[in-house]
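Input: a single structure, listed below in structure tokens.
Readers should treat all values here as calculations from the given coordinates under stated rules, not as data from a laboratory. Worth saying up front: this structure is predicted, and the values here are computed from it rather than measured. Here the Cβ positions follow ideal geometry from the backbone for every residue, glycine too, while neighbour counts run over all protein chains shown.
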Amino acid sequence: MFEKFSQSWSLVKASASVLRSDKELLVFPLLSAISCILVAATFFVPAIFAGLFSGLDRENMSPVFYVFLFAFYVVQYFVIIFFNSALIGAAMIRLNGGDPTVADGFRIAMSKLPSILGYAVIAATVGVILRALQERAGFIGRFVIGLIGLAWTVASFLVVPVLVSQDIGPIDAVKRSAELLKKTWGENLIGTAGIGLVFGLGIFALIFVGGGLIFLAVSSGILAITITAIVGVVIAFLLLILIQAALQGVYAAALYRYATEGDAGEGFDKGMLDAAFKVKA
């Protein structure tokens, strides 16, 4: 366990070294988060006032609800994939030895708009189908469907790097992503899980320490100190989330390079990646 954690920490540090070189990469997950909030508000606030969710239950989901859900998924996925494409595109420039800008990332994402939209539709379709099946399944059925969803997530892990790097459509990109994962690491994406583990521990520590600071601030009875403590903890939490998202984008770009060229690029050591992944026999 400690060996895996050590490898995961090394991968995080390698991704972080790339991120330190291009701190502007944080702009993409920040704009993505803001856009997702706006999209959710645009869809759900009018729907709530229109009474779309009144009287709904798992056994009586109306077709209108699923149409609404599909439209929301398409727009939300499009936003997420667009900014992720910009992030990964810029990261690939850095891994190739270049010096990317925010404009470079957006230029790459804009050039892939049709493919991004197509993949958003595919992802939304999968999402709605899995959601509909879960609503009608029992406990065991929901567990099995959850595993199917996990398999889809693994199979599509490299779709965005493929879309960014190759001139192919979204369906072929999904196939290519699955091929690359099967060829190199199969389902053993220890690096991605490691990044999640490291930041999960960071968030847990922040909740523990931040909660204590807020408690002390409230106990002081001084409003200014309380507000400052709360705002500080919230900002620290948001920074952790943004950094994690940016690192995962950098790491996805490195994985794609490693899968296709055998070299993750500038900042990543090939031996470290070889040790981090359990190659499928």
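Judged by the mean number of other Cβ atoms found within 10 Å, the most tightly packed of the peptides 20-33, 216-229 leads the ranking 20-33, 216-229. Eigen-decomposition of the gyration tensor built on the alpha-carbon atoms of segment 68-118 gives equivalent ellipsoid semi-axes of 25, 9, 7 angstrom, largest listed first. Between the listed residues Ser54, Val64, Ala91, the Cα displaced farthest toward the positive end of the dipole of segment 34-126, a dipole computed from Cβ unit charges relative to the Cα centre, is found at Ala91.
Contact order for segment 23-133, expressed relative to its length and based on alpha carbon pairs under 8 Å spaced 6+ residues apart, stands at 33 percent. Here the peptides 197-210, 95-108 are ranked by packing, the mean other Cβ count within 10 Å, and the order with the highest first is 95-108, 197-210.
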